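> Structure provided below as structure tokens; questions to follow.
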């Protein structure tokens, strides 16, 4: 049975954290900005650093590549917050469970 997919892409603004502020040590730099080990958003939820946000060829964020619980923080970082955990902290990171190492570009 054929069916049409009329779903449109959600705007990138839906995936950007509101007023994030650093919470924890600086673990590296990206695009000349410090990377905080965690951030707390406007609502008091805590998110852990997960990686660099993927981009499309046109330079826009590839929000379809984000995993559940991942959010974008400018200048293009991904932070993870598990809504089932208190204050959004679970310690999960993108990848294979390896400890993360930050390499400055």
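> Looking at (1) in contact with a strand residue (DSSP E or B) (Cβ under 8 Å, 6 or more places away or on another chain); (2) surrounded by 12 or more Cβ atoms within 10 Å (Cβ to Cβ), which one does residue 65 not meet, given that it meets all the others?
Among (1) in contact with a strand residue (DSSP E or B) (Cβ under 8 Å, 6 or more places away or on another chain); (2) surrounded by 12 or more Cβ atoms within 10 Å (Cβ to Cβ), the lone unmet condition for residue 65 is (1).
> Please name all residue pairs, on different chains or six or more residues apart, with Cβ atoms under 7 Å, provided the first residue is in region 45-68 and is on the phi > 0 side of the Ramachandran plot and the second residue is surrounded by 11 or more Cβ atoms within 10 Å (Cβ to Cβ) and in a loop (DSSP other than H, G, I, E, B).
What qualifies is 51/94.
> Restricting to region 11-26, name every residue that is more than 15 Å from residue 75 (Cβ to Cβ) and surrounded by 13 or more Cβ atoms within 10 Å (Cβ to Cβ).
Those that are more than 15 Å from residue 75 (Cβ to Cβ) and surrounded by 13 or more Cβ atoms within 10 Å (Cβ to Cβ): 23, 24.
> Within region 27-62, track down each residue that is more than 15 Å from residue 81 (Cα to Cα) and exposed (fewer than 12 other Cβ atoms within 10 Å of the Cβ).
The answer is 32, 34, 56, 57, 58, 59, 60.
> In contact (Cβ under 8 Å) with a residue 12 or more places away in the chain and under 12 Å from residue 71 (Cβ atoms), is that true of residue 30?
Answer is no for this residue.
> Any idea which of 24, 44, 59 is touching a strand residue (DSSP E or B) at 6+ places or on another chain (Cβ under 7 Å), at pLDDT below 95 and not in a strand (DSSP E or B)?
Exactly one of 24, 44, 59 is touching a strand residue (DSSP E or B) at 6+ places or on another chain (Cβ under 7 Å), at pLDDT below 95 and not in a strand (DSSP E or B), namely 24.
The values are calculated or read from the model by the stated rules, or taken from the named source; none is laboratory data. This structure is a prediction, so every number in the text was calculated from the model and none was measured. Positions of Cβ are backbone-derived with ideal geometry, glycine not excepted, and every protein chain shown enters the neighbour counts.
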